[in-house]
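*Asks:* Before I ask anything, here is the structure I am working with.
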Amino acid sequence: MVTISELQKITGGKWIAAPHESQTIRYLFTDSRKTYGVSDAAFFAIRGVKHNAHHHLKDVYAKGIRVFVIEEETEFSPADASILFVENTLQALQTLASYHRQKFTLPVIGITGSNGKTIIKEWLYQVLLDKYSIVKNPGSYNSQLGVPLSVWQIQEQHTLGIFEAGISQPAEMQLLEKIIQPTIGIFTNLGSAHDEGFTSREEKLHEKLKLFQHCETLIYCKDQSFGRQAIEQLQCKKFSWGSENENDVVIQRTENGFSISYSNQKVSLQLPYQDAASLENTGHVIATLLLLNTPIAELQHYVQQLRTVPMRLQVKSGINNSILVDDSYNNDLGGLAISLDFLMHQNQRKTKHLILSSLIQASRETEQWISEAVRIIQSFTVNHITFIGEEWNAYKNLLPTQSKVYTSTEEFLNQLNEDDFANRIVLIKGARNYQFEKIVKRFEQKIHGTVLEIDLNALVDNYNYFKSLLKPETKMMVMVKAFAYGSGSIEVANVLQYHRADYLGVAYADEGVQLRKNNIHLPIMVLNPAAESFQSMLDNQLEPEMYSFKILNEYIQFLNGRKGRIHIKIDTGMHRLGFAPQEINALADILNKHTEVEVLSIFSHLAGSDESKHDAFSHQQAKQFITAAHQLSEKIGYKPLFHLLNSPGLLRFPEYQFDMIRLGIGLYGIDPTENKNPNIQPVATLKTVVSQVHHLQSGETVGYGRHGKVEKETVTATLAIGYADGYSRAFSKGVGEVWINGKTAKVVGNVCMDMMMIDATGIAIKEGDEVEIYGKNFPIEKVAKSIHTIPYEILTNTSDRVKRIFVSAGI
């Protein structure tokens with residue numbers, strides 16, 4: 001905590017509204033949407049490229065915040081508010097966090113590199129939790145904004161800090177180093193991530209290494225040749241690990257597992273993972289444990305604790321029409337507010353229910369952390385609360401009135417009435433030792449082994465990237481048709497609404513009606529309206545596209561003088577739907593006759609914006625659109641919104657942004673243009689599991705029609721996915737490939753309705769292993785190309801029986 005007077009001295013700001021000098025600051029907020037009502041908080045109004053928190057000061061004030069740090073002049077000046085003006089609010093926040101860090105002498109592990117930062121941080125948290133009271137970044141809060149908010153969490157009871165730091169351009173790491181002030185460093189690796197922000201890979205390396213310029217010891221893998229020389233030139237002590245005997249920690253593969261040698265001692269280990277990335281991450285964990293004086297004989301005990309647990313929130317369908325927010329492996333005060341904020345912005349159900357275990361707050365008085373937790377909970381609108389743990393039971397008098405308390409997970413499950421949770425959205429948040437996965441399993445809809453995992457953070461990053469390409473005045477319509485390209489329209493629309501998208505687009509009226517039933521209130525355009533759906537569109541404030549005189553006249557007749565809002569489609573060369581340019585005059589006559597019909601936008605669609613060979617035609621379409629849209633606007637006497645560009649159009653023809661663009665496939669992580677954009681991240685990962693493993697002899701066959709004949713001793717694996725799940729029979733007979741345990745494996749024989757078989761020879765594989773059909777390791781573009789189709793088709797063909805799981809670090 002700091003006092004208001006200290007806040008002014010630390011940041012060097014000037015008060016422009018009378019401060020309440022006795023007030024203390026415990027909480028820091030930077031996002032008006034994630035601010036909750038506590039009196040001892042300060043709001044830092046950050047100004048970004050596309051978001052400016054100064055525009056939302058009144059919203060923050062309405063939530064109860066009374067201390068504001070700003071960098072822009074504003075008319076906002078309530079009599080009871082303290083407003084501090086600084087030159088740069090982000091720098092002021094970083095300076096405050098650096099000041100806070102200097103007050104503590106605890107050891108701090110600082111982690112950076114291109115890949116593995118979050119996994120290593122979370123794994124270290126798992127294995128060290130019994131020895132230390134740990135403070136760490138929530139999720140992947142590793143940015144210029146996330147790091148100071150993370151470090152601000154440090155309190156007296158903490159005995160170890162673990163913070164990751166990420167950068168995307170020069171001069172950023174030196175700022176984060178001043179905030180984290182690591183005593184132990186971990187450098188994971190150097191890859192291609194964020195290459196575009198640096199002049200060379202060498203520059204990026206030297207920038208990342210600035211995190212360790214004052215640390216005592218740096219842990220790194222010496223097997224990685226690139227960057228080794230730069231690392232060894234650092235002034236700190238080096239603690240290396242790798243396969244060569246020259247390392248401090250030697251990790252070598254053996255016939256039965258791995259051998260670990262350190263300080264003249266040697267043990268054999270069985271590691272829980274076999275893929276290269278997980279083995280590398282495990283190596284960093286082992287080296288850190290040994291540096292922290294963990295007996296080498298105890299390593300097996302610790303590495304057995306490493307789990308592929310969800311490091312992020314997961315949204316799942318539950319029984320009795322419930323929605324689950326699964327955060328069942330992590331529970332501390334630092335993450336409680338983040339999870340509750342995420343719950344508040346899930347609008348699929350109106351009733352919110354929290355199931356919470358006792359918190360992980362070692363070395364802190366029970367009554368103190370219970371009071372703090374209750375205070376956070378009461379800052380949010382939670383309708384029902386279930387507390388599980390002896391500590392809650394001992395302090396029932398401190399708990400909210402809408403609470404029920406159980407001493408253990410078993411007691412809760414034994415007394416559970418599943419009907420009590422019907423039609424609710426339930427946040428299940430528990431420390432690992434409470435085994436809340438049992439609660440999730442009880443509530444979760446039964447699913448087979450194949451799931452489509454949607455990374456909501458990647459989706460938001462894509463949204464923000466495309467938004468950064470827009471002019472300040474340009475709006476964005478986001479297409480959520482076809483079940484949001486297979487991703488799940490309700491959940492995706494909910495995220496887009498939270499991030500203030502301007503418009504949504506759907507193909508058919510029933511898609512829009514479903515969104516309205518799930519509390520989506522953004523404007524929605526319907527691309528393919530039908531006369532039988534006019535009433536539902538009017539009832540649900542859906543806005544139909546008008547593309548022909550027939551559909552327009554039918555709609556006007558239906559309205560019968562009532563007001564209606566429409567969008568006009570112009571056919572400029574796609575020749576799919578739309579009014580021809582020569583029909584504009586007749587169209588205008590109808591619209592002028594029926595002024596009850598308001599035209600909200602005029603738009604067209606580029607036929608070949610993704611390929612340069614069609615550029616001349618795209619420019620021709622744009623020219624025709626401009627002429628037709630202006631002609632119609634002039635004749636009806638007002639100017640609706642103009643929009644022409646889709647995802648590839650925005651990437652390749654930004655000069656035609658007009659008033660709005662329509663973001664479709666780009667949001668879902670696919671760049672359909674010839675030049676693949678590194679800023680667009682994959683969103684969907686289709687995963688299944690190994691149902692059975694077979695060892696076949698030469699001459700044996702696999703599958704229907706015996707089309708899979710093996711010519712040598714072969715290991716095959718049967719996977720729980722088939723063409724009924726959307727995995728086409730076109731992938732049969734070696735055409736398709738999948739990713740398993742770090743390697744690719746070809747399809748053997750024909751794809752069946754519910755199963756398929758792969759050749760897993762040479763791959764360490766067992767029943768229950770996870771298999772990636774497409775995703776971050778095996779791009780969907782490659783999958784589509786193998787059967788001569790496009791990623792759109794692969795995504796949208798994923799059947800409804802494949803359960804969608806939505807993951808997020810807190811959006």
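The values are calculated or read from the model by the stated rules, or taken from the named source; none is laboratory data. None of the values given here were measured: they were computed from a predicted structure. Backbone-built Cβ (ideal geometry, glycine too); neighbour counts: all protein chains shown. Side chains included, ligands, DNA and RNA excluded: accessible areas come from the protein's heavy atoms. Shrake-Rupley method; radii C 1.70, N 1.55, O 1.52, S 1.80 Å.
*Asks:* Looking at E674, E711, E611, E634 in this structure, which one is among the acidic types (D, E) and either in contact with a Leu (Cβ under 7 Å, 6 or more places away or on another chain) or within 30 Å of I763 (Cα to Cα) (or both)?
*Replies:* E711
*Asks:* Within region 719-730, can you find the residues that are outside any loop (DSSP other than H, G, I, E, B) and under 15 Å from L795 (Cα atoms)?
*Replies:* Once the filter is applied, which keeps residues that are outside any loop (DSSP other than H, G, I, E, B) and under 15 Å from L795 (Cα atoms), region 719-730 yields Y723, A724, D725.
*Asks:* Hey, among I439, I447, I428, which residue is within 21 Å of Q346 (Cβ to Cβ), touching a Lys or Arg at 6+ places or on another chain (Cβ under 6 Å) and either at pLDDT below 90 or open to solvent by less than 20 Å² (accessible area, probe 1.4 Å) (or both)?
*Replies:* Result: I447 is the single residue among I439, I447, I428 that is within 21 Å of Q346 (Cβ to Cβ), touching a Lys or Arg at 6+ places or on another chain (Cβ under 6 Å) and either at pLDDT below 90 or open to solvent by less than 20 Å² (accessible area, probe 1.4 Å) (or both).
*Asks:* Kindly establish whether E554 is part of a helix (DSSP H, G or I), open to solvent by 40 Å² or more (accessible area, probe 1.4 Å), touching a helix residue (DSSP H, G or I) at 6+ places or on another chain (Cβ under 6 Å) and of a type in the set (D, E, K, R).
*Replies:* Against the criterion (part of a helix (DSSP H, G or I), open to solvent by 40 Å² or more (accessible area, probe 1.4 Å), touching a helix residue (DSSP H, G or I) at 6+ places or on another chain (Cβ under 6 Å) and of a type in the set (D, E, K, R)), E554 qualifies.
*Asks:* Report, by residue number, each residue of region 620-668 that is in contact with a helix residue (DSSP H, G or I) (Cβ under 6 Å, 6 or more places away or on another chain), open to solvent by 10 Å² or more (accessible area, probe 1.4 Å) and under 30 Å from Y774 (Cα atoms).
*Replies:* none
*Asks:* Still on this structure: How many of the residues in region 582-604 are in a helix (DSSP H, G or I), in contact with a helix residue (DSSP H, G or I) (Cβ under 8 Å, 6 or more places away or on another chain) and of a type outside the set (D, E, K, R)?
*Replies:* 8
*Asks:* Scan region 734-746 and tell me whether some residue there is open to solvent by 50 Å² or more (accessible area, probe 1.4 Å), basic (K, R) and either assigned to a loop (DSSP other than H, G, I, E, B) or touching a residue at least 24 places away in the same chain (Cβ under 8 Å) (or both).
*Replies:* no
*Asks:* What do you reckon, is E545 among the charged types (D, E, K, R), open to solvent by 20 Å² or more (accessible area, probe 1.4 Å), in a strand (DSSP E or B) and in contact with a Lys or Arg (Cβ under 9 Å, 6 or more places away or on another chain)?
*Replies:* No, not satisfied.
*Asks:* Within the bounds of region 56-69, is there any residue that is within 30 Å of Q224 (Cβ to Cβ), among the aliphatic types (A, V, I, L, M), open to solvent by less than 30 Å² (accessible area, probe 1.4 Å) and in contact (Cβ under 8 Å) with a residue 40 or more places away in the chain?
*Replies:* Within region 56-69, none of the residues are within 30 Å of Q224 (Cβ to Cβ), among the aliphatic types (A, V, I, L, M), open to solvent by less than 30 Å² (accessible area, probe 1.4 Å) and in contact (Cβ under 8 Å) with a residue 40 or more places away in the chain.
*Asks:* Quick check on region 233-258: of everything there that is among the hydrophobic types (A, V, I, L, M, F, W, C) and in a loop (DSSP other than H, G, I, E, B), which residue is most open to solvent (accessible area, probe 1.4 Å)?
*Replies:* L234
*Asks:* Taking T30 and the conditions (1) in contact with a Leu (Cβ under 7 Å, 6 or more places away or on another chain); (2) farther than 24 Å from E372 by Cα; (3) of a type in the set (S, T, Y), which numbered condition does it fall short on, given that it satisfies the others?
*Replies:* (2)
*Asks:* Suppose we filter A18, A42 for residues that are assigned to a strand (DSSP E or B) and either among the hydroxyl-bearing types (S, T, Y) or out of contact with any Pro (no Cβ under 9 Å at 6 or more places or on another chain) (or both); which single one remains?
*Replies:* Going through A18, A42 in turn, just one is assigned to a strand (DSSP E or B) and either among the hydroxyl-bearing types (S, T, Y) or out of contact with any Pro (no Cβ under 9 Å at 6 or more places or on another chain) (or both): A42.
*Asks:* Under 9 Å between Cβ atoms, at least 6 apart or on separate chains: pull out the pairs that start in region 618-635 with a residue that is over 20 Å from L650 (Cα atoms) and end on any residue that is open to solvent by less than 60 Å² (accessible area, probe 1.4 Å) and small (G, A, S).
*Replies:* A628/A580; A628/S604; Q631/A588; L632/A588; E634/A588; K635/A588
*Asks:* Right, something else. For region 459-528, list the helices (runs of 4 or more DSSP H) that sit wholly inside it and hold at least 1 residues that are of a type in the set (S, T, Y) and without any contact (Cβ under 8 Å) to a residue 60 or more places away in the chain; which are they?
*Replies:* Qualifying helices (runs of 4 or more DSSP H): 489-498.
Residues checked against (1) of a type in the set (V, I, T); (2) under 20 Å from D769 (Cα atoms); (3) open to solvent by 40 Å² or more (accessible area, probe 1.4 Å); (4) in a helix (DSSP H, G or I):
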residue	(1), (2), (3), (4)
I260	yes, no, no, no
T282	yes, yes, no, yes
T288	yes, no, no, yes
K316	no, no, no, no
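*Asks:* I'd like to check something: does region 216-232 contain any residue that is in a loop (DSSP other than H, G, I, E, B), at pLDDT 95 or above and open to solvent by 50 Å² or more (accessible area, probe 1.4 Å)?
*Replies:* yes
*Asks:* Is there any pair linking a residue in region 113-140 that is farther than 12 Å from F163 by Cβ and touching a residue at least 60 places away in the same chain (Cβ under 8 Å) to one that is among the polar types (S, T, N, Q) and in a helix (DSSP H, G or I), with Cβ under 6 Å and at least six apart or on different chains, and which?
*Replies:* G116/N281; I119/N281
*Asks:* Another question, if that's okay. Output yes when any residue across region 189-203 is crowded, with 18+ Cβ neighbours inside 10 Å, among the polar types (S, T, N, Q) and within 21 Å of N293 (Cα to Cα), and no when none is.
*Replies:* no
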